[in-house]
């Protein structure tokens, strides 16, 4: 029985109770959100783990993506990145492996992770097909065998390009985009559709997808195959057309009592962020919004963790619920261990800034605790609550009792401190 069905029956599940405690809200808030579809709790029935709530009224969450590259079998390196991402504070993990033994890698990740795990089943489908021949030889059954296998392993949420149809591809062509289809899985799927002259099998077999999701209580994460790949393609007709299909698929998932969230949008200028978020929330009836980026400028390869963090923070303030991290390696190469750490930290910071603007008490209490620890200077407390404690090293000039080595008795800081009745700060 899915979380949605339980919620609509008025039953508070252990998962809902755990999320309510984490968020500091009444269980009734979580119950109502899950029942209405504005909150999801990715929790495959096959695998117990720490539960995470995503959606309206909750703190903004961060997901870290790892996975083997094409032609690579270095799964141990990805397991190191997994440990790094979790230790740094990522709330969920996505396995995007496209190289080596994908089943083995995924199962190792799942066995070592006590957080929700997400995948894109189409990645494994196309990887296995292209290892034998080429992507155009994929059959619908190939995809569903992979989806069922991943569900059986315990995957909690799945990215699925269900709303990219022949119609949306036609709109994209007429639009004249600078970047046609930038999603790896989405581009191969689009090529398959055009070559065979067939509709997207994930769209035509959506009920079958919902059946698998319902049996395992998998959260469907509808990915936008036509997300803009540069800021000039943002909010074009193809993106908006796909949004309309996404909204229809949200309705069908909710009718089937399946948890669902929406993913997007890739790249967008600052002026488009509010419109993008509000439009998606309106069309998809407040389904949780899982964003990749959005990267707000395309001129800074190697710094896209910063351009994405800017976009994510502002988008979160407008109602985004879930952030997919972007590392410094985006548009440059494959992320290193340090890239993963940097990506998680910058995304967590973006999420926190968004939560401040949303007015979350937990976010403001965190800020207040840090501000109090800075006056008087309390480095031990700062290390306990800092987003990245490793940046607070030994600072001998700011530790211990106040001693002015230059001013002597005539110290302006001392006079100021006495005036305000506060401890003396440092010259």
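The values are calculated or read from the model by the stated rules, or taken from the named source; none is laboratory data. Small disclaimer: the values here were computed from a predicted structure and weren't measured. Here the Cβ positions follow ideal geometry from the backbone for every residue, glycine too, while neighbour counts run over all protein chains shown.
Could you go through segment 102-113 and let me know if any residue there is closer than 27 Å to residue 240 by Cα and in the same structural domain as residue 69 (by TED's automatic domain parsing). Checked against the condition, which is being closer than 27 Å to residue 240 by Cα and in the same structural domain as residue 69 (by TED's automatic domain parsing), segment 102-113 yields no hits at all.
Let's see how each residue does on (1) under 30 Å from residue 13 (Cβ atoms); (2) out of contact with any helix residue (DSSP H, G or I) (no Cβ under 6 Å at 6 or more places or on another chain); (3) surrounded by 23 or more Cβ atoms within 10 Å (Cβ to Cβ):
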{"residue": "185", "(1), (2), (3)": "no, no, yes"}
{"residue": "195", "(1), (2), (3)": "no, no, no"}
{"residue": "204", "(1), (2), (3)": "no, yes, no"}
{"residue": "209", "(1), (2), (3)": "yes, yes, yes"}
{"residue": "213", "(1), (2), (3)": "yes, yes, yes"}
{"residue": "220", "(1), (2), (3)": "yes, no, yes"}
{"residue": "223", "(1), (2), (3)": "yes, yes, yes"}
{"residue": "232", "(1), (2), (3)": "no, yes, no"}
{"residue": "247", "(1), (2), (3)": "yes, no, no"}
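Just one of the listed residues (7, 85) is more than 30 Å from residue 247 (Cβ to Cβ), at pLDDT 95 or above, part of a helix (DSSP H, G or I) and touching a helix residue (DSSP H, G or I) at 6+ places or on another chain (Cβ under 8 Å), namely 85. Only residues that are more than 23 Å from residue 366 (Cβ to Cβ) and crowded, with 22+ Cβ neighbours inside 10 Å: list them for segment 42-74, please. Listed by number, the residues that qualify are 42, 43, 44, 65, 66, 67, 68. Filtered by the rule that a residue be outside any helix (DSSP H, G or I) and either within 23 Å of residue 120 (Cβ to Cβ) or touching a residue at least 60 places away in the same chain (Cβ under 8 Å) (or both), segment 224-252 gives 224, 225, 226, 227, 228, 229, 230, 234, 236. Based on what the data block shows, is residue 177 in the same structural domain as residue 94 (by TED's automatic domain parsing), touching a helix residue (DSSP H, G or I) at 6+ places or on another chain (Cβ under 8 Å) and surrounded by fewer than 15 Cβ atoms within 10 Å (Cβ to Cβ)? When the stated conditions are applied, residue 177 does not pass them. The set of residues from segment 15-27 being closer than 27 Å to residue 326 by Cα and crowded, with 24+ Cβ neighbours inside 10 Å comprises just one member, 19.
Filtering segment 258-276 to residues that are surrounded by fewer than 24 Cβ atoms within 10 Å (Cβ to Cβ) and closer than 22 Å to residue 37 by Cα leaves 274, 275. The condition (being touching a helix residue (DSSP H, G or I) at 6+ places or on another chain (Cβ under 9 Å) and at positive phi) is satisfied by just one residue among 53, 57: 57. None of 191, 159, 185 is in the same structural domain as residue 254 (by TED's automatic domain parsing) and outside any helix (DSSP H, G or I) except 159.
The criterion of at least 1 residues that are at pLDDT 95 or above, assigned by TED's automatic domain parsing to the domain that holds residue 74 and surrounded by 24 or more Cβ atoms within 10 Å (Cβ to Cβ) is met, among helices (runs of 4 or more DSSP H) falling completely within segment 302-391, by 304-317, 337-358. Only one of the listed residues (86, 39, 30) is assigned by TED's automatic domain parsing to the domain that holds residue 337, under 16 Å from the mean Cα position of the chain (by Cα) and crowded, with 24+ Cβ neighbours inside 10 Å. That residue is 39.
Within segment 101-138, count every residue that is surrounded by 19 or more Cβ atoms within 10 Å (Cβ to Cβ) and not in a helix (DSSP H, G or I). The number of residues fulfilling the criteria is 8.
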